[in-house]
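**Q** Here's a structure for you.
The values are calculated or read from the model by the stated rules, or taken from the named source; none is laboratory data. None of these values were measured; they are calculated from a predicted model. Ideal geometry is used to build each Cβ from the backbone, glycine not excepted, and the neighbour counts take in all protein chains shown. Protein only, heavy atoms only, side chains kept; ligands, DNA and RNA dropped before computing areas. Shrake-Rupley method; radii C 1.70, N 1.55, O 1.52, S 1.80 Å.
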Amino acid sequence: MEAQKKRSAIQPEEIIAHLQVLATFHKLKLDVQARAPHNPIGLWTAFLGYAVEKFASWISNVVDKEGSDEAELTDEEFPTLDVAMVWHAYILNPVEYHHDCQKSQKGLSRI
């Protein structure tokens, strides 16, 4: 009898997709910094601050809005790249993310 292969929690295709997302975030950073060669770090820092504000607005206006029970986002609801980057960074802190999903941003747990 042949032993059944156990499915890994993460598949190679998912790793490749994640690396592509990270490469896209890196390209965004390079593109933003290229706009201010005299102060690339300052511009990037300001850009990130604005992205965090947009993320908070996206949560309020899309994710947590009244009557929003769908598990999938529509094309119009999907976040812009900068907002998705902030979301990705947020997810990298799973304890706080889970806590916030349970307490203050319940809509995040549905998507």
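**Q** For the pair LEU30 and GLU96, what calculated FRET efficiency results from E = 1/(1 + (r/R0)^6), where r is the Cβ-Cβ distance and R0 = 35 Å, to the nearest 0.05?
**A** With a Förster radius of 35 Å, E is 0.75.
**Q** Report, in degrees rounded to the nearest 10, the 0 to 90 angle that the Cα long axis of helix 12-34 makes with the longest principal axis of the chain.
**A** Result, in degrees: 0.
**Q** So if I place +1 on the C-beta of Lys and Arg and -1 on the C-beta of Asp and Glu, and nothing else carries charge, what would the dipole magnitude of the chain be about its Cα centre? I want it in debye, nearest 20.
**A** Roughly 460 debye for the chain.
**Q** A further question on this structure: Between ILE16 and LEU73, how high is the FRET efficiency from 1/(1 + (r/R0)^6) when r is the Cβ-Cβ distance and R₀ = 25 Å? Nearest 0.05.
**A** The pair ILE16/LEU73 has a calculated efficiency of 0.65.
**Q** Hey, in the GNM for the chain with a 10 angstrom Cα cutoff, which one of PRO37, PRO94, PRO12 fluctuates hardest?
**A** For the chain, modelled as a Gaussian network with Cα springs under 10 Å, the answer is PRO12.
**Q** For helix 94-103, what angle does its Cα long axis make with the longest principal axis of the chain, in degrees from 0 to 90 and rounded to 10?
**A** The angle comes out at about 90 degrees.
**Q** Here's a follow-up. GluC sites (Glu not before Pro), restricted to the range 1-54: which are DSSP loop and have at most 11 other Cβ atoms within 10 Å?
**A** Listed in order of number, the matching sites are GLU2.
**Q** Rolling a 1.4 angstrom probe over the protein heavy atoms, how many square angstrom per residue are accessible across the chain?
**A** I get 76 Å² per residue for this part.
**Q** Counting only protein heavy atoms, what percent of the accessible surface of the range 13-111 is carbon or sulfur at a 1.4 Å probe?
**A** 60 percent
**Q** Here's something else I'd like to know. Before anything else, pin down the relative contact order of the chain: Cα pairs under 8 Å, at least 6 apart, normalised by residue count, whole percent.
**A** Averaging sequence separation for qualifying contacts and normalising by length gives 23 percent for the chain.
**Q** Also, quick follow-up: For a distance above 16 Å, tell me the whole-number percent of Cα pairs in the chain that qualify.
**A** Tail of P(r) above 16 Å: 69 percent of Cα pairs.
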